[in-house]
Amino acid sequence: MKDYTKAEKKQIIKDFASHVSSGKAKTFKDYGMEFIIGKREGPYIWDITGKKKLINCHSNGGVFNLGHRNPEIVKTMHNALDELDIGNHHFISKQRADLGKKLAELMPGDLDYTVFGSGGGEAIDLALKLARAFTGKNDIISAIGGYHGHTGLAMATGDPEYKKPFGELAPGFIQIPFGDLESLKTKMQANTAAVILETIPATLGIVIPEKEYLQAVRKICDENGSLLILDEVQSGLGRTGKLWAFEHYDIIPDIVVIGKGLSGGIYPISATIFRKPYEAFFKKNPFIHISTFGGAEVGAAVALKVLEISSDPDFLSHVTQMAEYMKKGISALVSKHPKYLESFNQLGLMIGLRFTKEKYSLLFTKAAYESGMWALYANNDKNMVQILPPLIIDENHVEEIIDKIDKAVSKLKYYKIAFNIKEILNKLPW
Ligand SMILES: Cc1ncc(COP(=O)(O)O)c(C=O)c1O
């Protein structure tokens with residue numbers, strides 16, 4: 001990709017502000033972060049002028065698990081484009097059959113069926129629709145501070161701040177604190193269709209649940225005849241060192257939702273994987289839920305390759321090894337910077353840094369950017385910063401990330417808060 005001039009970049013920002021989002025353009029200007037992605041490769045992204053390089057420690061929440069423009073994925077896409085297109089969502093499809101079969105092989109129990117979508121929110125909507133249709137019940141219990149998307153039913157599971165401006169929503173959505181079994185027991189009713197949780201809530205700051213908690217949730221759902229839906233949009237596909245994060249907990253959910261990384265960072269695709277008995281509903285109503293682009297055939301070919309790479313035991317042990325290096329480095333930083341860093345949560349390469357004050361995590365995102373690292377604070381617990389590097393990082397990348405975190409934290413004391421933090425906090429898009 002060519003390096004654009006400063007004047008060309010200015011024009012792009014102007015066009016974006018005039019025709020895509022003036023609010024976003026202003027927010028990033030105020031934040032001193034007018035970065036436009038140009039070249040991208042492995043764990044790195046460059047500004048369109050070629051002048052600034054960032055190591056990506058957000059990975060769009062897992063979209064870039066395999067790095068940017070992973071050569072195997074790009075090759076798979078090229079090959080798919082030689083023969084395929086989106087396909088037709090009404091017909092039987094070889095690519096969707098292959099991908100569904102592979103997912104069934106890689107999932108435990110009788111999680112044998114998949115409906116494909118093009119984004120995470122859409123796949124969550126389907127999971128909730130299916131839970132209601134199969135159980136004949138209505139209520140959905142989700143976690144306060146959890147995040148499952150901005151579409152209809154997915155949005156309804158979320159916090160009021162994301163729903164308020166959009167009028168009346170579907171009834172029957174109840175929130176409980178994540179990790180609080182007593183609240184769950186109290187809210188569980190005869191009419192509860194499902195409990196939906198992120199296995200590891202990401203927007204809540206990478207909260208790692210106790211094993212006993214998820215096992216008890218599983219039991220309570222079973223006893224109540226309610227389904228357990230686990231959202232692995234961020235935690236799935238090897239992020240935690242196992243292919244699925246729920247494998248750490250020795251439980252099997254009834255429905256699993258994946259997205260983001262399934263795309264290989266190249267072609268959007270998501271999946272709602274569900275237990276065999278629920279297929280009875282679609283058997284009777286095979287065209288009741290359709291998605292024009294869901295499981296597009298070129299995307300299905302890419303997703304199959306993603307699964308092949310991500311389920312390789314060597315790949316998963318690499319993730320675990322890199323996670324160990326990260327743990328060592330971050331532990332040392334927590335000891336070195338007690339004024340700023342309180343602790344960290346980690347499962348594999350899903351890491352949350354807890355800052356001692358909210359303003360430090362906000363400023364850290366900016367300081368990290370200036371040190372050459374892209375890492376974002378967690379929107380639903382603003383003391384936390386998420387560290388989600390691509391899973392293909394090596395030892396040198398880990399050293400680079402630790403060094404950049406160190407530099408960014410060391411810089412915090414020089415930062416003056418020259419803007420209204422609350423205003424910025426409310427506007428930033430993550
Ligand atoms: C855990 C989780 N679930 C669902 C979604 C929604 O996915 P999408 O943005 O593709 O609709 C997201 C997006 O960030 C997510 O993090």
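The values are calculated or read from the model by the stated rules, or taken from the named source; none is laboratory data. Everything numeric here is computed off the predicted structure, so don't read it as measured data. Reconstructed Cβ throughout: ideal geometry from the backbone, glycine too, with neighbour counts over all protein chains shown. The accessibility values were calculated without ligands, DNA or RNA, using every heavy atom of the protein model including side chains. Shrake-Rupley method; radii C 1.70, N 1.55, O 1.52, S 1.80 Å.
Quick notes on this structure:
- The C-beta contact set for segment 294-310 (first residue in contact (Cβ under 8 Å) with a residue 40 or more places away in the chain, second residue among the charged types (D, E, K, R) and open to solvent by less than 10 Å² (accessible area, probe 1.4 Å), distance under 9 angstrom, 6+ apart or interchain) is empty.
- Given (1) over 24 Å from Ile266 (Cα atoms); (2) open to solvent by 30 Å² or more (accessible area, probe 1.4 Å); (3) within 16 Å of the ligand (Cβ to nearest atom), number of the condition Thr151 does not satisfy: (1)
- Residue match in segment 218-231 (condition: without any contact (Cβ under 8 Å) to a residue 60 or more places away in the chain, basic (Lys, Arg) and touching a strand residue (DSSP E or B) at 6+ places or on another chain (Cβ under 8 Å)): yes
- Restricting attention to segment 200-254 and to residues that are within 16 Å of the ligand (Cβ to nearest atom) and among the hydroxyl-bearing types (Ser, Thr, Tyr), the residue that is farthest from Asp125 (Cα to Cα) turns out to be Thr240.
- Set Asp139, Asp159: member being under 18 Å from Glu198 (Cα atoms) and in contact with a strand residue (DSSP E or B) (Cβ under 6 Å, 6 or more places away or on another chain): Asp139
- Complete set of residues in segment 38-72 that are in a strand (DSSP E or B) and polar (S, T, N, Q): Asn56
- Residue ID - nearest to Ile140 (Cα to Cα), chosen from residues in segment 255-291 that are open to solvent by 70 Å² or more (accessible area, probe 1.4 Å) and within 16 Å of the ligand (Cβ to nearest atom): Lys260
- Taken over segment 52-79, the criterion of being open to solvent by 30 Å² or more (accessible area, probe 1.4 Å) and either more than 16 Å from the ligand (Cβ to nearest atom) or over 29 Å from Met384 (Cα atoms) (or both) is satisfied by Lys52, Lys53, Arg69, Pro71, Glu72, Lys75, His78, Asn79.
- When segment 102-125 is filtered for residues that are of a type outside the set (A, V, I, L, M), in a helix (DSSP H, G or I) and touching a residue at least 40 places away in the same chain (Cβ under 8 Å), the ones remaining, listed by number, are Lys102, Gly120, Glu122.
- Residue match in segment 374-394 (condition: assigned to a helix (DSSP H, G or I), touching a residue at least 24 places away in the same chain (Cβ under 8 Å) and open to solvent by less than 50 Å² (accessible area, probe 1.4 Å)): no
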